[in-house]
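The values are calculated or read from the model by the stated rules, or taken from the named source; none is laboratory data. Quantities reported herein were computed from a predicted structural model and do not represent experimental measurements. With ideal geometry, Cβ positions are generated from the backbone for all residues, glycine too; neighbour counts draw on all protein chains shown.
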Amino acid sequence: MTRPKTTRLRRAARRDDGLTLVELLVTMALASVVLFAILGASDILGSSTQDTGRVTDSQEVGRQVVRRITNDTRQAYTPATGAATPIVSITRSQLVFAAAIASSTGGESNGWISYCADSAGSLFRGQLAAGSYVAPTGCGANGSGWTFTRLVDRRVVSPTTLFSYTADAAYTANNCPQQAPTAATPSPPACLPAPAAVRAVGLRLAVSRRPGSTSGAVVTRAAVSLRNAIAP
């Protein structure tokens, strides 16, 4: 009668011994696999969240800047002195026009506004409070009464296609109407009307996800008809 009891006690003792070394190693290996899988999924999720955040930021920057440019451009007008038409200077990367400038006393005075993008991909807004027009010395360069503010820091992709222009009729200066690409001239010069002939301004702003990069750019477009323009 004592042997069966002893056998049962030994079996119970074995059950209380815990895992064997082999079982412990297998368990640790499986746990490591699961842990690495969780960490990998966490990294992927974190990277995806960051990318989504950058895209959202690019969209928001694009919307805010385009809204500001269009709001200012809609206010362009022909001043009593200093210029014969609202638009005084244009390129594909710069636009300068006459507009009312807020003064330090709280009112408004005649002035000039410039939007431009430099080769590094930064976009600036400049203003000049003066009755007579003085050309800026450079994009983003303060001086000659001009004060510039950086709106986008090295995130504008293709700054040379920022602005486009529409005139009342076909214009002939500067190889216009637009020259078609040929084998000899695959990239013909941009077709630009005289500033006095501009009746609408097109805007294409491509903002990248991070400064100095051109990948994943978000494009925002707009067009403004110059309501206060007068025929030359």
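Within the range 194-218, residues that are under 30 Å from Thr85 (Cα atoms) have Cβ atoms under 8 Å from residues that are charged (D, E, K, R) and modelled with pLDDT of 90 or more in these pairs: Gly202/Arg221; Leu203/Arg221; Arg204/Arg221; Leu205/Arg221, counting only partners at least 6 apart in sequence or on another chain.
For the range 6-16, check the following and say yes or no: at least one residue is at pLDDT below 75, in a helix (DSSP H, G or I) and polar (S, T, N, Q). Before you say what the answer is, go through the steps one by one.
We begin by selecting, within the range 6-16, every residue at pLDDT below 75; these are 6-16.
Filter again for in a helix (DSSP H, G or I), leaving 6-16.
Applying the additional criterion that residues be polar (S, T, N, Q) yields 6-7.
Yes, the range 6-16 contains a residue that is at pLDDT below 75, in a helix (DSSP H, G or I) and polar (S, T, N, Q).
Tell me, which residue of the range 183-209 that is of a type in the set (Val, Ile, Thr), assigned to a strand (DSSP E or B) and more than 16 Å from Gln64 (Cα to Cα) is modelled with the lowest pLDDT?
So the first thing to find is which residues in the range 183-209 are of a type in the set (Val, Ile, Thr), and the list is 185, 198, 201, 207.
With assigned to a strand (DSSP E or B) added as a condition, the list becomes 198, 201, 207.
Now narrow it down to the ones that are more than 16 Å from Gln64 (Cα to Cα): 198, 201.
Details: Val198: 87, Val201: 93.
Among residues in the range 183-209 that are of a type in the set (Val, Ile, Thr), assigned to a strand (DSSP E or B) and more than 16 Å from Gln64 (Cα to Cα), the one modelled with the lowest pLDDT is Val198.
What residue, of Arg125, Arg154, Arg63, Arg68, is assigned to a strand (DSSP E or B) and either at pLDDT 95 or above or under 22 Å from Arg210 (Cα atoms) (or both)?
Matching residue, one of Arg125, Arg154, Arg63, Arg68: Arg125.
For the range 120-150, the candidate set comprises residues that are under 14 Å from the mean Cα position of the chain (by Cα) and either surrounded by 18 or more Cβ atoms within 10 Å (Cβ to Cβ) or not aliphatic (A, V, I, L, M) (or both); within that set, the residue that is farthest from Phe97 (Cα to Cα) is Gly121. In a residue-by-residue description of the range 165-182, the property of being modelled with pLDDT of 65 or more, closer than 30 Å to Gln59 by Cβ and among the aliphatic types (A, V, I, L, M) applies to no position. Of all the numbered requirements in (1) surrounded by 12 or more Cβ atoms within 10 Å (Cβ to Cβ); (2) of a type in the set (Gly, Ala, Ser); (3) in a loop (DSSP other than H, G, I, E, B); (4) modelled with pLDDT of 85 or more, Gly212 misses one, and that requirement is (1). Can you tell me which residues in the range 128-151 are assigned to a loop (DSSP other than H, G, I, E, B), farther than 29 Å from Glu60 by Cα and not polar (S, T, N, Q)? Those that are assigned to a loop (DSSP other than H, G, I, E, B), farther than 29 Å from Glu60 by Cα and not polar (S, T, N, Q): Ala129, Ala130, Gly131, Tyr133, Val134, Ala135, Gly145.
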